[in-house]
Amino acid sequence: MSTGSAAFDRIDRFFAGLAESAPGRLPPAPHGSIRFDVVDVDGEATVWFAHVRAGQVRVDRAGGRVDCVVEIRPEMFVRLLDGKDHVVAMLLRGVLSVEGDLSLLLTFRCLLPPGTADSANPDPVHGSPSGTNRAGVGLPESTNVFSGDLFMTSDHHGDVDPNPNSPLGLFFFDTRFLSTWRVTVNGERLSVLSVDDIGTAEARFALVPGQPTHYVNATTSVLRHRSVGQAYEEEITLINFAPEPLRYVVRLEVGADFAEVQEIRERLCRNRPVVATIDERTLRLHYRRQTLHRETVISTSQPADLDEHGLSYTVTVVPHGTWSTRLRVLTLVRDLQHRDLRERLEGAVSPSRAETAREIDAIVAGVPRLRTDHQPLADAFARSVRDLAALHYQGLNYRDQLPATGLPWSMALLGRENLISAFQVLPFMPHRAVATLRILALSQGVRHDPFRGEQPGKILQESRYGESAAFNDAPDAAAFTAADTTPLFVILLDEYERWTGDAEAVRGYEFHVRAALDWLDRYADPVGMGYVWSACRQTRTGQSNESWRASVQGICFRDGRPATFPQAICEFQGYAYDAKRRGARLARLFWNDPQWADRLDREADDLRERFDRDFWIPEREYYALALQADGTRVDALASNLGHLLFSGIVPPERAGHLVRHLLGPALYSGWGVRTLGATESEFNPLGHHTGAVWPADNSLIVWGLRRYGFKREAGRIARDLLDASRYFGGRLPALFAGYDRERTRVPVPHRFADSPYAPSAGATLLLLRALLGLEPYEDHLAVDAALPEELGQIELLDIQGRWGYADAFGRGRPFASPRTP
């Protein structure tokens, strides 16, 4: 029997058994019909129709209209059945073609044969360390425009110089499509006079040729006006103010290295073979690896001399005249049919720049209105709302826009970060929770795949579209590399219902919540101690844990020793406790399962009691950062203590001790709580997880303080973070250095931190919620404002929720007496 015949027989047996194997394995939605065209080497298709509805499947060999068409070779289908590949990776590298609603195919994954998969590439391709150290402080001189996951980051002159370790360039699909974009006039670089950030998707530069010291006598001005939408566009305009005609040679240097964002961040270099082709007024840069094809297309509105390195214009401009050209750059991702992948996918066509601007304006207009005497809060609120409105992208084909996390490193779906930011902004932008819950439910784990960290019920942490994801060099297409996303999914769903009253959504996610809580019980505790554990994950640059402190140094002892794996990290237990409590509420109120609800409550009570017994360090009066498998307490003092307050796992009598540490000199910098105490051996104010200040981390701490009644302390952190935001133009970055405020007087920026960053933008909104004490209570909004005196008066109007609309007011007053934890 030929290999092709054997493959078709295997596929036929799979489809023949689907109807019988489907019950209990599929969620109730989405539903629709999928046509599978399995195409042999001669181009002939063998067809199966799968009709998915209400958790059931019917398979036919003939059919009519369908919602999704999948084209695939038989040997590729067998790889999928055997667990040697992933749907998203296959789509990215062009061995699978999908037309229509991809969400149906993602749901269909639940029906793939169970068991252990191994989708790793046995011969992966990785970059080599560049040896260049990019760490440091200070803001890079950069300007960003972005729309969805298409964004341009340049220097303040508008240029991108070739540098494999710099995050400058035009990016799309986690890939750099332009790594050189540099304008000269008569051989001179341009000097910037001003930069006008018109909006998140548009910027304008005013420049002169030569050194800026000579601009007062310059007779030539250059304007660069750029925008992103369906494509990247830039208009370059020359203005001649001289009394005579002037001849100019305008040169645009162009290059594309097609590097992945992850490679740039981790300083791993790869030299990819890029081929340039030239058509009339069009320069095309191609990169191919087997079936993967990426292409950058640069076109010009004016005649130019094109070569493989760029475009040259030789023009004469009359006195007080102008000359301009419009450049358009397409970022193409070719599929199995050699067309741009997005052309075949429903809902994947990017809106125009005008449409995107209207969408952002509509989202901003729907947010509750803030009136405040405190200008830092007003500025941070306005900037955060607009950033959050813009931080979304059209994924491969999801009908809802997907929440993006930040740029330059995180313009992708990151589970933990999006769950947290959705929680932070629920009173202001509940649609962000809707989109987050939907895509993470669609992507929930269904198999055991150690390469990806996938297990049944586990919630996705990361989905990227780069080359490594496509070829399974790394698990980035669907990486389940976080142990906290699964309980956070349940927490967000419950909080969403408490704010919105959307019972229909809760009922629609019962299947996913049961799978998530089952993961906590069956797979999260390989040690058997009743805790959620982090495995050791191998990344491109070394080992990592499965928490937000995803570095070996992030979970350490006071003396600097790294904790051994596996690690029961403290906030995992808090999130699991909270998820069980909230799951019990949902089971009791919406799923008509009081017995399961009672069991979840008992398990939460037991977890809280055991956690207090096993993690508490009496001589230090705080909880261990983690446990090792032998029960040893990892004793470093870290900001994770605040997450325990956020989750509610801390007995009230212990809370004061934690607050004393959180606001003490070791952890508190004067701008916020550091990730690691200054008393610890591994402390470094520049270390991401060993001393820096993360606004998102602090916002959860602030909410935890309010939860336990520490209003004064919550107000102090909120006030200090808002003070810090003034030095970042109202836009808090992902993190900044943890130097003492008294020493530096200003917050020290961390070079190349994500900015904008959704959890930092969301932090401003959660701080506001905490200051006003906003809490849904049945069909009412409770308001318990507690503001530091410096914040003056705050009014938040038209807060929408299950109660309709409500207003909240607060006035800063001196607290009655200092709180002594």
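Could you check the spin-label model distance between Glu188 and His126? Points 7 Å from the Cα along Cα→Cβ, value in nm.
In this crude spin-label approximation the distance works out to 4.8 nm.
Please express the shape of the chain as an equivalent ellipsoid: the semi-axes are the square roots of 5 times the eigenvalues of the C-alpha gyration tensor, given largest first in whole angstrom.
For the chain, the ellipsoid semi-axes come out as 42, 38, 24 Å.
Answer with one residue from His86, Met429, Phe171: the one whose Cα lies farthest towards the positive end of the charge dipole of the chain, charges on Cβ with Lys, Arg +1 and Asp, Glu -1.
Met429
I'd like the Karplus ³J(HN,Hα) series for segment 306-311: coefficients 6.51, -1.76, 1.60, θ = phi - 60°, whole numbers in Hz, and an x wherever there's a Gly or Pro.
Result, ordered by residue: 9, 9, 5, 10, x, 10 Hz.
Hull surface divided by four, with the convex hull built on the Cα atoms of segment 418-566: how many nm²?
Approximately 10.1 nm², given one-decimal rounding.
Only Cα pairs under 8 Å and at least 6 apart count here; give the relative contact order of the chain as a rounded whole percent.
11
How much length would be gained if the chain were fully extended between Asp807 and Gln595, taking 0.36 nm per residue of separation minus their Cα-Cα distance, in nm to one decimal?
Extra length available between Asp807 and Gln595 comes to 72.5 nm.
When DSSP beta bridges are limited to those with both residues in the chain, what percentage is antiparallel, rounded to the nearest 5?
Among the beta bridges of the chain, antiparallel pairing accounts for roughly 95 percent.
Applying 1/(1 + (r/R0)^6) with R0 = 51 Å to the Cβ-Cβ distance of Arg741 and Glu235, what FRET efficiency is obtained, to the nearest 0.05?
0.70
Report the gain in length on full extension from Gln543 to Asp197: 0.36 nm times residue separation, minus Cα-Cα distance, nm rounded to one decimal.
120.6 nm
Report the extension gain between Tyr777 and Phe815 in nm, rounded to one decimal, defined as 0.36 nm multiplied by the number of residues separating them, less their alpha carbon distance.
Answer, rounded to one decimal: 11.1 nm.
May I ask you to give the solvent-accessible area per residue for the chain, in square angstrom, as obtained with a 1.4 angstrom probe?
Heavy-atom accessible area per residue stands at 37 Å².
In debye, nearest 20: dipole of segment 554-611 around its Cα centre with unit charges on the Cβ of K, R (+) and D, E (-)?
Charge dipole of segment 554-611: 80 debye, to the nearest 20.
For segment 731-821, what number results from the quotient of the Cα radius of gyration and 2.2 N^0.38 Å?
Working it through for segment 731-821, the quotient is 1.38.
What residue among Val552, Gly542, Gln567 has its Cα farthest toward the positive end of the dipole of segment 537-591, where the charges are +1 on Lys, Arg and -1 on Asp, Glu, each on the Cβ?
With unit charges placed on the Cβ atoms, the residue in question is Gln567.
Could you state, as a whole-number percent, how many of the C-alpha pairs of segment 483-553 are farther apart than 17 Å?
So the pairs more than 17 Å apart make up 55 percent of the total in segment 483-553.
Evaluated at 4 °C with a viscosity of 1.567 mPa s, what Stokes-Einstein diffusion coefficient in µm²/s does segment 398-494 have when Rh comes from the Kirkwood expression over alpha-carbon pairs?
Translational diffusion coefficient: 96 µm²/s.
Dipole of segment 360-481 (Lys/Arg Cβ +1, Asp/Glu Cβ -1, origin at the Cα centre): which of Gln455, Ala479, Ser410 lies farthest to the positive side?
Toward the positive end, the furthest listed residue is Gln455.
Mind jotting down the three principal axis lengths of segment 26-180 based on Cα atoms? Whole angstrom, largest first.
61, 34, 34
Which parts of segment 14-35 would a label at Arg61 reach, counting a residue when its backbone N lies under 16 Å from a point 7 Å out along Cα-to-Cβ?
14-18
Mind listing the phi-derived Karplus ³J(HN,Hα) values for segment 796-804, rounded to whole Hz, using 6.51, -1.76 and 1.60 with θ = phi - 60°, and x for any glycine or proline?
Values per residue, Gly and Pro as x: 10, 10, 6, 7, 8, x, 5, 8, x Hz.
Scan segment 659-750 for chymotrypsin sites (Phe, Trp or Tyr not before Pro) in coil per DSSP, keeping those whose Cβ has at most 10 other Cβ atoms within 10 Å, and list them by number.
none
Say R0 is 51 Å: what FRET efficiency, to the nearest 0.05, do Glu280 and Asp118 get from their beta-carbon distance?
Rounded to the nearest 0.05, the efficiency is 0.55.
Would you kindly find the accessible area of Ile236, with a 1.4 Å probe and non-protein molecules such as ligands, DNA and RNA excluded, rounding to the nearest 10 Å²?
Approximately 10 Å² for this residue.
Can you pull the percent of the chain's accessible area that's carbon plus sulfur, 1.4 Å probe, other chains left in place?
Of the solvent-accessible surface of the chain, carbon and sulfur hold 48 percent.
Please state the charge dipole magnitude for the chain, taken about the Cα centre, from unit charges on C-beta atoms (+1 on K and R, -1 on D and E), reported in debye and rounded to the nearest 20.
Its charge dipole is roughly 860 debye.
Under a point spin-label approximation (7 Å from Cα along Cα-to-Cβ), what is the Gln375-Asp630 distance to one decimal in nm?
5.9
The values are calculated or read from the model by the stated rules, or taken from the named source; none is laboratory data. Since this is a predicted model, take the numbers as computed values, not measurements. We place every Cβ from the backbone using ideal geometry, glycine too, and count neighbours over all the protein chains shown. Please note that ligands, DNA and RNA were not included when accessible areas were found on the heavy atoms of the full protein model with its side chains. Shrake-Rupley method; radii C 1.70, N 1.55, O 1.52, S 1.80 Å.
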